[in-house]
Amino acid sequence: MSFKCCCVAGVLQMASSGTVKVRRELEAGLEWRRRRRRRRSRGRYSSHDWSVGCTTAILASIQTNFGYSHDSSPVQYLVDVMCEMSADEKRQFLLFVCGTPKLPIGGFRNLNPRMTVVRKENDDDLPPDQYLPSVMTCANYIKLPAYSSKEVLRSRLLLAIAEGQSAFHLS
């Protein structure tokens, strides 16, 4: 039992000699706190999409468009990299793509609008590995170059996340 609950329980004992109304209000507050803790401990607020079965859950929750399908190598690389991220990297990724560090209740499938991955076209003759991914946070939209490997995607994505945290550009 936490310090606050012990204090509330102590006040309840002292209130037993006081009015019935005060005791009822304190008991209702203590019960509300217990229910809230139970809900949280059941994992209702967890990002379960990034645990067991991560790849399947994320692939089922994202859309692909404009040059990519769920079977495209860069999309597969992205999902693999997302599943391998540390907790802090996951938080930063969500902040970068969605503008918030947490998933909604229900995970990726409850993002509104759905997370969409599209192919980022090159403006010049540089290879795709030279470009960083870009995002439209209002639309949960990722513009992803056709990277040659998962390692390249990981390094370019983490660089874009690190460099883009305090930047805002119109594209």
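Structure values in brief
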| quantity | calculated |
| --- | --- |
| Shape of the stretch 102-171, Cα gyration tensor, a/c cut at 1.5 | prolate |
| For the stretch 55-77 versus the stretch 97-112, the gap between their alpha-carbon centres in whole angstrom | 17 |
| Simple spin-label estimate for ARG33 and GLN63 in nanometres, 7 Å along Cα-Cβ | 4.5 |
| Rg(Cα)/(2.2 N^0.38 Å) for the stretch 69-147, N = residue count | 1.12 |
| Sorted peptide list for 152-162, 79-89, criterion being average Cβ within 10 angstrom, highest first | 152-162, 79-89 |
| Reach of LYS120 by Cα under 20 Å, taken over aspartates and glutamates that are not fewer than 8 positions away in the same chain | ASP71, ASP80, ASP129, GLU151, GLU163 |
| Solvent accessible area, Å² - TYR147, 1.4 Å probe, full protein context | 10 |
| Probe 1.4 Å - accessible area at ARG119, Å² to nearest ten | 100 |
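The values are calculated or read from the model by the stated rules, or taken from the named source; none is laboratory data. Note that the structure is a prediction, hence the values are computed from the model and not measured. Here the Cβ is made from the backbone with ideal geometry for all residues, glycine too, and neighbour counts use every protein chain on show. The protein model used for the area step is the full one, side chains on, heavy atoms only, and it has no ligands, DNA or RNA in it. Shrake-Rupley method; radii C 1.70, N 1.55, O 1.52, S 1.80 Å.
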